[in-house]
Amino acid sequence: MADNTSIEEKLLRKLVPNDLSQEAKDRLECTVDDLVGASFESARGDATAGSKSSNSLRWAWKVAAAITLLAALAVTRQAILSDSAQLPQLAVSEVTPQTGPDFVVLKSTHQIDAKENDGLIIPNDGGTPHYRFRYRVTDEEQVRDPKTGTIITLRQPRQEVHTIPVTQF
Amino acid sequence: MAKKSDHEAGRHCATAWKDWLKEHGSRLYVYARQRCNNREDAEDMIQDALVRLWGYQEERGNVPPDLPLAYSVLRFVAMDHGKKKGRKKRKEEAIIYLHDRDDYWLDTSAEEDDEAEVLRHAVAGLGEKLREVVTLKVWGGLTFVQIAETMAISPNTAASRYRYALEQLKRKLETLKGERLG
């Protein structure tokens with residue numbers, strides 16, 4: 001043990017590890033600033049949405065359902081118009097909502113923003129060791145009413161957690 | 001009012017993380033550097049680990065992470081990094097490394113005698129698992145329990161590997177002394 005202690009002392013005394021370069025240190029500090037900025041900006045956004053968020057979600061899904069229905073109506077109307085010579089304007093205007101059925105889908109995306117690897121997780125309660133990956137995903141749908149120019153964006157961020165149990169060592 | 005308090009909270013958080021980096025950055029660099037062939041890759045790995053650690057700590061009040069967790073994440077970043085590089089690229093890096101004589105993970109300018117040089121080569125020549133334990137124990141500031149947590153091994157295994165590594169280093173130094181004396 002005493003011999004090992006002297007080797008340890010020599011390692012500490014005689015070998016000096018290199019340090020990060022100044023450029024790397026500056027880059028890491030910039031990264032911290034960016035991460036903090038992004039994190040606290042999004043937190044502020046969530047805070048202002050706050051108690052209304054659940055109502056907003058309900059409204060958003062109602063709008064999405066309305067858009068789907070209107071889009072189906074638009075497709076049907078288009079099929080009828082292409083087959084028929086003329087339709088009474090009055091009848092069409094009675095069916096058509098004020099905003100118009102011709103919503104244009106601008107964007108429909110499913111985006112994986114980030115993947116984080118939490119590494120090997122060994123639960124303290126004796127559970128199965130597993131690797132854990134977390135995906136930050138954003139689903140976004142954007143439609144436009146060509147008559148009024150209104151753009152409706154539905155964005156749903158979420159986190160997906162995937163665990164892979166370790167079966168062999 | 002809410003904006004101001006958010007701004008102050010963000011500033012406080014950034015300061016905490018930057019202080020944490022000032023305290024532990026060099027330790028993380030030593031660990032990362034002994035897992036790859038050059039300074040640039042080691043610094044990239046730390047950058048990558050920092051982003052991952054931030055994401056992980058967002059669910060824990062954005063406080064800086066514990067050191068064992070930081071090493072654990074850095075370890076997996078290093079493993080990913082090694083896989084991505086691929087065998088051909090590793091050969092190319094090895095060639096670059098041989099020409100870049102100043103880029104060692106231990107500071108050669110601080111060496112005062114031949115024994116230091118022998119020790120440096122001996123540590124670099126240890127098997128990956130032994131070198132990892134030595135790095136975390138001697139320069140990483142971890143206990144055996146923390147090393148065990150980082151490397152997903154038992155504390156006894158960590159201690160055994162450390163003991164075995166020191167014995168190997170001691171033998172190499174004794175061999176050098178023997179050669180000099182006669």
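Every number in this text was worked out from the coordinates using simple rules, so none of it is lab data. Since the model is a prediction, treat every value here as computed from it, not as a measurement. We place every Cβ from the backbone using ideal geometry, glycine too, and count neighbours over all the protein chains shown.
How high is the FRET efficiency from B:Ala152 to B:Glu59, r the C-beta distance, R0 30 Å, rounded to 0.05?
Calculated value: 0.90.
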Rounded FRET efficiency, nearest 0.05, which uses the C-beta distance separating B:Lys170 from A:Tyr131 and R0 of 41 Å: 0.65
Likely footprinting exposure, B:Met45, B:Met79, B:Met151, fewest C-beta neighbours within 10 Å first: B:Met79, B:Met151, B:Met45
Options B:Thr135, B:Leu169, B:Thr157, ranked by Cα towards positive dipole end of segment B:113-176, top entry (Cβ charges): B:Thr157
Dipole of segment B:17-80, positive end: most advanced residue of B:Trp17, B:Asn37, B:Pro64 [Cβ charges, Cα centre]: B:Asn37
Long-range HN-HN contacts of A:Asp139 with modeled amide H, under 5 Å: A:Gln111, A:Gln156, A:Arg158
Cut-off under 5 Å, modelled amide H: who pairs with A:Ile121 long-range: A:His130, A:Tyr131, A:Arg132
Potential extension, A:Asp26-A:Glu41 segment - 0.36 nm per residue separation minus Cα distance: 3.2 nm
